[in-house]
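Presented below is the structure to which this report refers.
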Amino acid sequence: MLTSTETARTATELRASYDLTGLTLDEVATDLHLAPAQVAATLDVTPASDPSDVWLLRDYLDQAVRDAGRTPVPFSTLTRANKLKARMWFSLRRAPRHDFGVA
């Protein structure tokens, strides 16, 4: 369970990562097989956000930023060490990659 400070900081970091990808909410939702409203709520880390969705979005955005040729935003709470701990509590899924290829 995140503190209110960690939740706010995580939401800020997720939003910053999302902005760096250049993707639309619909593109992210399609890639993650989530509803756009669910992605928006997860970006904001609302009380209704599923922790496994938060980790999924974090991993997806981190890779998408790299694939877009940009430098990822460091996550202060959603770290590798904390991900290992989260795996004990949540059923974490592997994040898909967005295809940035030219159509």
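Figures for the structure shown
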{"read-out": "Degrees separating the helix 51-67 axis from the principal Cα axis of the chain, which is the longest one", "value": "40"}
{"read-out": "Helix-only CD estimate at 222 nm, as mean residue ellipticity for the chain, using -39500 (n - 2.57) per DSSP H run (n ≥ 4)", "value": "-18500 deg cm²/dmol"}
{"read-out": "The chain, relative contact order in percent, only Cα pairs under 8 angstrom and at least six apart counted", "value": "34"}
{"read-out": "The chain, dipole about Cα centre (Lys/Arg Cβ +1, Asp/Glu Cβ -1), debye to the nearest 20", "value": "500"}
{"read-out": "Between helix 4-21 and the chain: long-axis angle, C-alpha atoms, 0 to 90°, nearest 10", "value": "10"}
{"read-out": "Listed residues Ala11, His33, Ala81: farthest to the positive end of the dipole of segment 4-89 (Cβ charges)", "value": "Ala81"}
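Read-outs: derived from the displayed coordinates by stated rules, not from any lab. Please read these numbers as outputs of a predicted model, since none were measured by experiment. All Cβ positions, glycine included, derive from the backbone under ideal geometry; neighbour counts span all protein chains shown.
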